[in-house]
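> Provided herewith is a single structure, encoded as structure tokens, for subsequent inquiry.
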């Protein structure tokens with residue numbers, strides 16, 4: 001799952017780093033800082049998953065400190081983007097409201113997951129892996145738009161149902177994190193569709 005997240009990030013923002021590198025946002029410090037922390041967080045997530053698969057718990061714990069610093073760097077830089085955009089426009093769009101609500105729940109989950117790293121490995125894993133899904137909407141939205149232009153709405157919804165469903169399949173039940181996250185996503189999606197369309 002960590003590799004899937006990483007691929008969505010790389011494909012979704014491929015225009016920034018691959019084929020449209022001269023776009024204006026690539027030279028604005030607040031976007032550069034955000035991109036650095038986001039790339040670091042999702043790359044470290046892949047590294048951490050690999051360390052667990054190799055049963056290298058000592059290094060996993062050491063890298064985890066760097067990872068949580070990258071996570072909160074990403075959150076702070078994201079928050080700055082939200083604040084500056086709100087001050088610029090004077091309002092928060094329905095899409096932004098949807099993404100922001102998922103971000104807030106992700107912060108709660110990942111913070112709890114990190115706090116439980118020494119006492120509850122299952123909660124640690126679940127909260128961080130599912131919390132990351134809730135951070136993914138901008139990347140998934142852009143990736144689907146890049147690859148499936150004409151089929152964008154159908155593929156976007158299908159992608160999310162598959163990703164949510166994968167957590168249910170893995171745990172063989174609906175965990176409270178997944179139920180709450182799905183509800184936040186669904187309410188935000190319905191609100192956005194009703195107000196703006198998809």
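The values are calculated or read from the model by the stated rules, or taken from the named source; none is laboratory data. The structure displayed is predicted, hence computed values, not measured ones. Cβ atoms come from the backbone with ideal geometry, glycine included; neighbour counts cover every protein chain shown.
> If you take the residues of the range 8-33 that are within 30 Å of residue 52 (Cα to Cα) and in contact (Cβ under 8 Å) with a residue 60 or more places away in the chain, which of them is surrounded by the fewest Cβ atoms within 10 Å (Cβ to Cβ)?
The qualifying residue surrounded by the fewest Cβ atoms within 10 Å (Cβ to Cβ) is 14.
> Further question: Condition (residue is buried (at least 16 other Cβ atoms within 10 Å of the Cβ), over 17 Å from residue 117 (Cα atoms) and at pLDDT 95 or above) applied to the range 47-70: is it met by at least one residue?
no
> Mind checking which pairs have a first residue in the range 66-95 that is over 13 Å from residue 34 (Cβ atoms) and a second that is outside any helix (DSSP H, G or I) and at pLDDT below 95, Cβ under 9 Å, 6 or more apart or different chains?
Close Cβ pairs satisfying both conditions: 86/92.
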